[in-house]
Amino acid sequence: MSDIQVRLADWHKDNAALRRIREIVFIAEQSVPAELEWDAEDADAVHFLALEGDYPIGTARLLPDGHIGRVSVLKDWRGLNVGVTLIQTVLAEAEKRGLTQQMLSAQVHATAFYEKLGFAIVSDEYLDAGIPHVDMVRHSH
């Protein structure tokens, strides 16, 4: 496996790559309706792209209020710490922007992953697009 890197992405310039990953992971794999996947917040979000070499393999976004979302890694690259690198990059960017509290809505199966990165569950379980989720929060030190 070659070098995995995460960089800031541009919603317009990197749109095809960002959309392709989210379409594969959320719409195709997890059956999230397209109208729920694409929202007006993409325009204001800071986007991140994980790459192996030049090949886009993962994405996430950070909203101006500190919400992290749309965290997705293509299946063949799961379990290789791509998600960890992606989230660590997002957290560093959030802190750089003075967002001392980061929040996310985590799929229940992923809560242990986020707990390792400093997040704590702050809600009961609920369904989002038919998938069980919980709200999680992390405070920067």
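Rule-based calculations on the coordinates, nothing more; no lab input. All values reported here derive from a predicted model rather than from experimental measurement. No Cβ is skipped: glycine too gets one built from the backbone with ideal geometry, and neighbour counts run over all protein chains shown.
A dipole drawn for the chain from +1 and -1 charges on Cβ atoms has a positive end, and of Gln101, Thr111, Leu80 the residue lying farthest that way is Leu80.
Among the trypsin sites (Lys or Arg not before Pro) in segment 38-79, those placed in a DSSP loop whose Cβ has at most 16 other Cβ atoms within 10 Å are Arg78. What is the percent of Cα-Cα separations in the chain that go past 24 Å? When every Cα pair of the chain is considered, 25 percent fall beyond 24 Å.
In whole percents, the pair-distance distribution calculated for segment 56-125 from its alpha-carbon pairs, binned every 5 Å from zero, is 3, 16, 29, 27, 17, 7, 1.
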